[in-house]
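Peer 1: Input: one structure, supplied below.
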């Protein structure tokens, strides 16, 4: 089986695939134009966030049998269309869960203790001790929108820190240690709201002006899921009005953003979609990609 690796993938994973007999070519800086030209010669492809796999590309590749995305979401792939063409689509939902969960918890501490502001103050050679009174997160209510693999990892860590965890997830009926509530209940009760769900037609823009109006005054928002789930204009208004005390954003509607107004607010911290950017997560992602492709190739072989 011939596989094209279109985005950065661990060398160990590529070596593992080759050792299993797969023909693997690495073009991790390939342009969309070149991809359209070369991909028809391949049976499989490996992608991350950079490479988009849309219907026109799928139509141009009649030999394509499998797409593996190293990562959690499939929003960069027209997955249902690919499946309708007989193409298997897989991702690595477990590999980066711990890393994203740790970033989420780290962001909560940064927001409530103003660590980014305090550091900037110290670098400016100031000693503004009285300016940085914060809050404890123990005893507060964390509302999770989405309790898949990442949401559950966040819940475990938050519970260990003494937080009460509630969650909204229409696809989950019961989960130990977490009280499932309606979205409206979560919005009105939570001191912190953290998003952990894919971006779909249903979830796009689901947190907007009406939802912010229902939240507690001084709520803090963390989004390490996908950009576009939160209406960024409505978030900006909520942050500038004081309704939302602070926001931590790892993802944006446009990446990189073309409008930086959110990041210029003093009560916003951000990062360039680095939720899975740890050595451990990258290693696990590569290993899971290799395992899934090798298993797929073996099943393709005639008995």
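The values are calculated or read from the model by the stated rules, or taken from the named source; none is laboratory data. These numbers come from a predicted model, not from an experiment. When we count neighbours, we look across all protein chains shown, and the Cβ atoms used for this are built from the backbone with ideal geometry, even at glycine.
Peer 1: Tell me, yes or no, whether the stretch 251-260 has at least one residue that is at pLDDT 95 or above, in contact with a strand residue (DSSP E or B) (Cβ under 7 Å, 6 or more places away or on another chain), outside any loop (DSSP other than H, G, I, E, B) and crowded, with 19+ Cβ neighbours inside 10 Å.
Peer 2: No - not one qualifying residue is present in the stretch 251-260.
Peer 1: With the requirement that a residue be touching a strand residue (DSSP E or B) at 6+ places or on another chain (Cβ under 9 Å) and either at pLDDT below 95 or surrounded by fewer than 16 Cβ atoms within 10 Å (Cβ to Cβ) (or both), what does the stretch 31-41 give you?
Peer 2: Scanning the stretch 31-41 gives 38, 41.
Peer 1: What single numbered condition from (1) farther than 19 Å from residue 299 by Cα; (2) in a helix (DSSP H, G or I); (3) in contact (Cβ under 8 Å) with a residue 12 or more places away in the chain fails to hold for residue 16?
Peer 2: Going through the list (1) farther than 19 Å from residue 299 by Cα; (2) in a helix (DSSP H, G or I); (3) in contact (Cβ under 8 Å) with a residue 12 or more places away in the chain, residue 16 breaks only (1).
Peer 1: Take residue 165 and decide whether it is in the same structural domain as residue 230 (by TED's automatic domain parsing), more than 21 Å from residue 96 (Cα to Cα) and under 21 Å from the mean Cα position of the chain (by Cα).
Peer 2: So residue 165 fits the description; yes.
Peer 1: Hey, another quick one. Within the stretch 275-286, identify whether any single residue is surrounded by 14 or more Cβ atoms within 10 Å (Cβ to Cβ) and closer than 13 Å to residue 223 by Cβ, and answer yes or no.
Peer 2: Yes, some residue in the stretch 275-286 is surrounded by 14 or more Cβ atoms within 10 Å (Cβ to Cβ) and closer than 13 Å to residue 223 by Cβ.
Peer 1: Every residue in the stretch 78-93 that is assigned to a loop (DSSP other than H, G, I, E, B) and without any contact (Cβ under 8 Å) to a residue 40 or more places away in the chain, please.
Peer 2: Matches in the stretch 78-93: 78, 85, 86, 87.
Peer 1: Still on this model: Considering each of 239, 235, 186 in turn, give the residue that is more than 23 Å from residue 271 (Cα to Cα), part of a helix (DSSP H, G or I) and touching a strand residue (DSSP E or B) at 6+ places or on another chain (Cβ under 7 Å).
Peer 2: Being more than 23 Å from residue 271 (Cα to Cα), part of a helix (DSSP H, G or I) and touching a strand residue (DSSP E or B) at 6+ places or on another chain (Cβ under 7 Å) holds for just one of 239, 235, 186, which is 186.
Peer 1: Under the condition of being within 22 Å of the chain's Cα centre (by Cα) and under 11 Å from residue 6 (Cβ atoms), which residue from the stretch 50-74 is surrounded by the most Cβ atoms within 10 Å (Cβ to Cβ)?
Peer 2: Among residues in the stretch 50-74 that are within 22 Å of the chain's Cα centre (by Cα) and under 11 Å from residue 6 (Cβ atoms), the one surrounded by the most Cβ atoms within 10 Å (Cβ to Cβ) is 70.
Peer 1: In the stretch 190-210, which residues are surrounded by 20 or more Cβ atoms within 10 Å (Cβ to Cβ), touching a helix residue (DSSP H, G or I) at 6+ places or on another chain (Cβ under 7 Å) and not in a strand (DSSP E or B)?
Peer 2: Result: 196, single match.
Peer 1: Also, I was wondering about something else. Listed residues 106, 44; which is surrounded by fewer than 21 Cβ atoms within 10 Å (Cβ to Cβ) and either within 22 Å of the chain's Cα centre (by Cα) or within 22 Å of residue 29 (Cβ to Cβ) (or both)?
Peer 2: Checking each option against the conditions leaves just 106.
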